[in-house]
There are 4 protein chains.
Amino acid sequence: MTAHQAFAQNPVFIPGPTNMPEALRKACDVPTLDHRSPAFARMLAPALAGVKRVMGMESGEVFLLPATGTGGWEAAIANTLSPGDRVLAARYGVFSARWIDLCQRFGLEVEVLDTPWGEGLPLERIEAALRADRTGRIKTVLATHNETATGVRSDIAGLRRAMDRAGHEALMMVDGVSSIASMPFDFSGWGVDIAVTGSQKGFMLPPGLAILGLSDRALAAMENARLPRTYFDLKDMRRSMAAGGYPYTPPVGLIAGLAASVAMLEDEGLAAVHARHYRLAEGVRRAVAGWGLSTCAAGPALASDTVTAVLAPEGCDANAFVARAAGTYGMAFGTGLGQLAGKAFRIGHLGMLSDPLMLAGLATAEMVMADLGWPVRLGSGVVAAQDFYRGALPLAAAA
Amino acid sequence: MTAHQAFAQNPVFIPGPTNMPEALRKACDVPTLDHRSPAFARMLAPALAGVKRVMGMESGEVFLLPATGTGGWEAAIANTLSPGDRVLAARYGVFSARWIDLCQRFGLEVEVLDTPWGEGLPLERIEAALRADRTGRIKTVLATHNETATGVRSDIAGLRRAMDRAGHEALMMVDGVSSIASMPFDFSGWGVDIAVTGSQKGFMLPPGLAILGLSDRALAAMENARLPRTYFDLKDMRRSMAAGGYPYTPPVGLIAGLAASVAMLEDEGLAAVHARHYRLAEGVRRAVAGWGLSTCAAGPALASDTVTAVLAPEGCDANAFVARAAGTYGMAFGTGLGQLAGKAFRIGHLGMLSDPLMLAGLATAEMVMADLGWPVRLGSGVVAAQDFYRGALPLAAAA
Amino acid sequence: MTAHQAFAQNPVFIPGPTNMPEALRKACDVPTLDHRSPAFARMLAPALAGVKRVMGMESGEVFLLPATGTGGWEAAIANTLSPGDRVLAARYGVFSARWIDLCQRFGLEVEVLDTPWGEGLPLERIEAALRADRTGRIKTVLATHNETATGVRSDIAGLRRAMDRAGHEALMMVDGVSSIASMPFDFSGWGVDIAVTGSQKGFMLPPGLAILGLSDRALAAMENARLPRTYFDLKDMRRSMAAGGYPYTPPVGLIAGLAASVAMLEDEGLAAVHARHYRLAEGVRRAVAGWGLSTCAAGPALASDTVTAVLAPEGCDANAFVARAAGTYGMAFGTGLGQLAGKAFRIGHLGMLSDPLMLAGLATAEMVMADLGWPVRLGSGVVAAQDFYRGALPLAAAA
Amino acid sequence: MTAHQAFAQNPVFIPGPTNMPEALRKACDVPTLDHRSPAFARMLAPALAGVKRVMGMESGEVFLLPATGTGGWEAAIANTLSPGDRVLAARYGVFSARWIDLCQRFGLEVEVLDTPWGEGLPLERIEAALRADRTGRIKTVLATHNETATGVRSDIAGLRRAMDRAGHEALMMVDGVSSIASMPFDFSGWGVDIAVTGSQKGFMLPPGLAILGLSDRALAAMENARLPRTYFDLKDMRRSMAAGGYPYTPPVGLIAGLAASVAMLEDEGLAAVHARHYRLAEGVRRAVAGWGLSTCAAGPALASDTVTAVLAPEGCDANAFVARAAGTYGMAFGTGLGQLAGKAFRIGHLGMLSDPLMLAGLATAEMVMADLGWPVRLGSGVVAAQDFYRGALPLAAAA
């Protein structure tokens, strides 16, 4: 038996699905609507337009698929590439690895740049690989903006510069699943060709919607792509949407929720949303330092503002941490994935959270570590975070 | 301007998504839960077991994919077939045609048996085609149990007999999207290998969940299938589920809702659910006859209990009917699809409906037809349905 | 066993609580908020201001009490009268009778004008009684604007003229429980001093909120009123509200819902709301005529637009009608109350309803009457209502 | 501008209304139901029976009124007393004072025992007063079990012993608004005659329901009570309930919610519910001690397990604390009431809360105090609470 009250809804601290604002849950919970009626078209338009603004798309198109982010990756690949095409991708965490696997299942040739976990996109090696591709066999470069497994943010603007320096015309595809709507994302400024995210992260909605932004170049690439596709066929989708419809039953509730989410984010202001995520994340990082622990992210510039992977002290089992937090205190943290299994736990700090709720997470983490005999002093992290959150106030208040 | 009150929620009479019971909407609307925790596994198990009972599966496995029924078709094909495989399929409506198209996009060779719309599976021609396939090139037979476009139910038990008579070992795949959980479905008794449905039909949930049942034979066929797949890879899914998880973020709310839906259906009793659908449908058919109109379904044995496609009188525009019903009375009916565009409208009568609500639909349809000058007398259908519903009562009450 | 599906939510046809729009239910379902914080005051203000507009109050104040309409009556009496005061009231239905009883329990002397049920305020007798009150002992005149038991609307403008002709200064208190927000109500124009309603009628909210409007004269009368009161003390309430608060825990959800309700009504337009209620009601009256039955209301000018009391044919039991409608078809109609018990059933047609839903009610009523062997032909009422609703369309559409 | 995200729903730490479990909010949010139908009676019965169990009533009856706790007090008095009756009551906080005021408004003679705030029922003085009442003029003794203003719990078992020692037959009425369903309450064991609470405290529901338990003696006293009453007349209510109904529109949603609440509490176990409240409260008390502050409650035996009134340090403004917590961190604490205005703030810790959420409240309180320059060290309270919550675990787990 555990000591927590079964029906008390603690916030979750997993890196998505995130805690959902009540207003968005209500926006998603709609009675049945005829998706072939004009009412649906009226609901879809603001969702599409809103995503463009959140992603920073000055042109191009947005697609919403009843799927997860993984489905979004598949749609990105299947709609733009053909058998025999070559893909360049770095592997520095579980999610970047999975995207590579997807390409390989399609029979594509993937040039993999293995990179230590905790680091981000190896820009120099990417530039070198692109320069070496004299015949232009590489059709696309894959980048995971925010590696959810390691809590590392990569430099997409830097990737654009590297590709430009190499003078290579490959498409740039960015997995923004755990960054978009939480951290700055400049689709057009960075020259992104396809960005992929899901409803259940920064948009704070239930899972079930893959969200893609495609540049005009990516839309053009769809014309000649020959990988097989049906469910994820964006040409079909585009044709249906032009007629105010959908190629199959759309997830009406999630689409209504997405429009509401964008309105909520824009009401706060995208810059304020990003600042809030930085603020929450920095408090967590201060707490981790207060505990005397370190993060998987190899340096401050790499630290993600949506998830922090905390390395367990030598000899301590990170899985035990996650299990005890859930079992004893009713609180969900993320486990370490892949290489980090048992070695790290992850604190998600994106979506609907507040300073007080974050402190609940940190105070609970301390109790768990103390329970497990980890060499961490109660209060050491909480106080560091309190100090930061208090000091950060004037800045926020000045806005 | 229309005369109806914008916020009055009339029931919909489209053939899915259906009207949703309040209790199921609440069951789907769950706060965020860690899908890597045991709590998720506890939620998943009854949903899977419940679907097996509803489909009549004595063995085999159920899979739940964050997708629509179309995604379910794709999973069925991609997980069991290999390049060069041959498929046998009849085409007798928009949805059977789409499944064929999906196979062709995968490069499969499809032997298409074109059949007049309004009829069902051409069992004799299928048997003949199977007999002709001496070398066993046909790996699977596709059947659309209930053609949502035409309101026609096909004879799946008959298909099994035909296949057995031909002594052919092809897999049998059945699109039960608009039949399962509303009309009798006997997976094991009929020797189905893969059945596909979605959450938004007989299960009365929001869209977003493709539901598949696979027989042991189908599971075995997955081992050697070589069509490319990632998102829809059921082997990955099976492996994750065995570990209590999911290969990507599961649609937790829909899964919780599915378990609740099964409980609700079983509380009523599956036989009672089927009887209720027959009852509602027969009332509609009496009304159509009362109007002096006919259905697309070519005969009583073919008539679907979930949707009725009503042929507009000569010279009358069925699209105008649907538009006026929506625009003037705030009521959604289905348009004619494909060949039936403009020639038929469809009345959906599955999911959460009652005699009184059905009568609201029929009375409104009469007003629309009168408004459009169709040769239909007000009350002619309503009274026929009232008569039937009253008369059917003792039978139902006797149960 | 009944034939209807337990979970199918048919609309109700009782004269309140009404069917509630989804948006209002969501507006009421709020997480806990500190009612001593400015957030509560911000929520309260638009609710109060909105009620003033809906009631047509150019001055005076609105009070919201956690109670039902009966509590509202008690507040009206307890806050303005003193022991020994005399009240003039007509009794023409269950609800007007109850208000009289309440006064008598307070020890007030009530001059009761008994009036046949089916008729409304006896204006001439009231005028005479006021003229006879030379010494001004009558402090207040009670009027039930819409007798929910009989479906009779009284003439409040006429009451004002009668009081003015008599030159009497009594306060005028109006029970608008089942009229306000559905039928025209002109607080200031009619010279109403206290109007009482509840959340669960025209405002389409859950029950639990008594809503009172007080004129400046009524507010002044509060100063010297000596009947005992605590919970319903409006002076306490006024003092608390002036400080942004409440004398006890306010029903925050209902207050939030009330603001949303007013916004919804005003979005439709109050005139349109009234027209819609007339429209729905007139269809019901045509149906009653089509059935060959008559209403309790003694003439067209008396007919309520929110509820119709239908007299059962000689020898037929109206209670059996209500019981069978509920038990067999899952549909709620109102029973006859008081003198009308067993002799009439009531059809509520206020709040969230549409033509199609109204037709569901009428079609079901026909089935019930047929089941019971009443001399009513199936379709006879439905067709009359369809005819009216269709014909009324152009008028509505012209708006 | 504040630094918190407007849509992040922090828990509240006011002493009611409490944080509400999602399941209870859903249980309250019901579509309209005919409250004159048997369905309502089926909903009411378990709510009534459940309250009896939670209150520890072996006999007597429960009444549910659409009102707040204040309305419950009024019903208790109005239904059992007559003009000229004498009441004995101690005054030791705002809420005990209000009940006295209510009696005085009814013209009752109240013998008031003023008691220092921070203390509880003065049992010896009560006993003395009862002994002095030789002629039995005192008809009832009022007791506030848990003074929400001071965070003091009184000894009701002791009150029973004192009354018994005095051999006095007065009724015993207990305000259990902020104790029942959170702290042990033994209606029959303590010989309580009337207990009053509301829906928005331990039952974790929205406000709007006054809940009363009456002993057989109290029921008997109703027969001859002559104070005026209508809305709160329990004889009317009893008569209506005996016929499966209600004297006016019942708050159907709250009644459904109440039944669900009892089920939830009993699922946890009432002893476990009480232990959880002790546990949460003790953590708060340790934190207060860690801060070097003291509580209003004059000693450990008086400390309430549902609310703690914390005395601000000399020269510090408790209102500033509450304002800054709300304005800067989006967190609601209770202000000091009456004598304690500006001198104390209150931490509510009843209803749906968990250790982690409680720590969020304590950590935030520390930030606020630091922001205001109070002499409190960050972490000093959090660590004390963490220590207690961790240490308390084995005990809880052993259960």
Taking amide H atoms as placed 1.01 Å from N in the peptide plane, list the residues 5 or more away in sequence, or in a different chain, whose amide H sits under 5 Å from that of C:Arg91. C:Leu113, C:Asp114, C:Thr115
Taking amide hydrogens as modeled 1.01 Å from N in the peptide plane, which residues meet the under 5 Å criterion relative to B:Met172, leaving out close sequence neighbours? B:Val141, B:Asp193, B:Ile194
Rel. contact order, % - alpha carbon contacts under 8 angstrom, at least six apart, segment C:269-398: 29
If you only keep lysine pairs separated by 8 or more in sequence, or across chains, how many in chain A come under 25 Å at the Cα atoms? 7
Which whole-Hz ³J(HN,Hα) couplings does segment D:378-388 yield from phi under the Karplus relation 6.51 cos²θ - 1.76 cosθ + 1.60, θ = phi - 60°, glycine and proline marked x? 3, x, 5, x, 4, 5, 4, 6, 4, 4, 5
When the charge dipole of segment D:269-394 is computed with +1 at the Cβ of Lys and Arg and -1 at the Cβ of Asp and Glu, the Cα pointing farthest to the positive end, of D:Met367, D:Thr295, D:Gly330, is that of D:Thr295
Taking alpha-carbon centroids only, segment D:324-390 lies from segment D:213-260 a number of Å equal to 39
At q = 0.12, 0.13, 0.14, 0.19 Å⁻¹, base-10 log of I(q)/I(0) for segment B:54-129 (Debye sum, equal scatterers on each alpha carbon): -0.41, -0.48, -0.56, -0.96
With +1 on each Lys and Arg Cβ and -1 on each Asp and Glu Cβ, how big is the dipole of segment B:22-266 about its Cα centre, in debye rounded to the nearest 20? 320
Placing the label point 7 Å from Cα along the Cα-to-Cβ direction, what are the distances from A:Gly107 to the equivalent spots in the other copies, shortest first, in nm to one decimal? 0.3, 9.7, 9.8
Quick check: Cα centre of segment C:170-190 to Cα centre of segment C:264-304, how many Å? 18
Teacher prompt: D:Asp317 distances to equivalent labels in other copies, 7 Å Cα→Cβ, nm: 5.5, 7.1, 7.2
Between segment C:90-157 and segment B:105-153, the alpha-carbon center distance in angstrom: 77
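Sort chain A into rounded, prolate or oblate with this rule: let a ≥ b ≥ c be the square roots of the eigenvalues of the Cα gyration tensor; rounded if a/c is under 1.5, and if a/c is not under 1.5, prolate when a/b is larger than b/c, oblate otherwise.
oblate
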For chain C, which longest stretch is free of loop sites, where a loop site is one of the GluC sites (Glu not before Pro) that DSSP puts outside H, G, I, E and B and that has at most 13 other Cβ atoms within 10 Å? C:59-168
Tensor-based shape of the protein assembly as shown (alpha-carbon gyration tensor, a/c under 1.5 rounded, otherwise prolate or oblate): oblate
For chain C, what proportion of DSSP beta bridges, expressed in % and rounded to the nearest 5, is antiparallel? 50
So what is the relative contact order of chain B, in percent, for Cα pairs below 8 Å that sit 6 or more residues apart? 23
Measuring from the axis that superposes chain D on chain B, report the chain D residue with the minimal C-beta distance, rounded to whole Å. D:Lys26, 2
Just to be sure I understand: with springs between alpha-carbon atoms less than 10 Å apart, which residue in B:Ala132, B:Ala297, B:Ala157 has the highest mean-square fluctuation in the Gaussian network model of chain B? B:Ala132
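Quick check: from the Cα gyration tensor, does segment D:181-230 come out rounded (a/c under 1.5), prolate or oblate?
oblate
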With a 10 Å Cβ neighbour count serving as the proxy for reagent exposure, in which order, fewest first, do A:Phe106, A:Phe232 appear? A:Phe106, A:Phe232
Interchain or long-range residues, amide H under 5 Å from B:Ala210's placed H: B:Leu65, B:Ala67
Hey, in the GNM for chain D with a 10 angstrom Cα cutoff, which one of D:Gly72, D:Gly342, D:Gly269 fluctuates hardest? D:Gly269
Determine, for B:Arg239, B:Arg86, the number of other Cβ atoms within 10 Å of each Cβ, and report the residues in order from fewest to most. B:Arg239, B:Arg86
So the label point sits 7 Å from Cα along the Cα-to-Cβ vector; using that for C:Ser240, what distances do you get to the other copies, in nanometres, sorted shortest first? 2.2, 5.2, 5.4
Phi-derived 3J(HN,Hα) across segment B:164-171 with the Karplus relation (6.51, -1.76, 1.60, θ = phi - 60°), rounded Hz, x for Gly and Pro, is 5, 4, 6, x, 9, 9, 4, 6
Give the order of B:Arg125, B:Arg36 when sorted by the count of other beta carbons within 10 angstrom, beginning with the fewest. B:Arg125, B:Arg36
Within the set B:Pro251, B:Pro300, B:Pro122, GNM on chain B using Cα springs under 10 Å gives the largest fluctuation to B:Pro300
Can you run phi through the Karplus equation (6.51, -1.76, 1.60; θ = phi - 60°) for segment D:133-150 and list ³J(HN,Hα) in whole Hz, with x for Gly and Pro? 8, 4, 8, x, 6, 6, 9, 7, 10, 9, 9, 9, 4, 10, 6, 5, 6, 10
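Over segment A:284-371, consider all pairs of different Cα atoms and compute the Kirkwood hydrodynamic radius from their mean reciprocal separation; express it in Å, one decimal.
In segment A:284-371 this quantity evaluates to 13.1 Å.
Read-outs throughout are calculated quantities, based only on the coordinates presented, and are distinct from any laboratory measurement. Remember, it's a predicted structure, so these values are computed and weren't measured experimentally. Cβ sites come from the backbone with ideal geometry, for glycine too, and all protein chains shown count toward neighbours.
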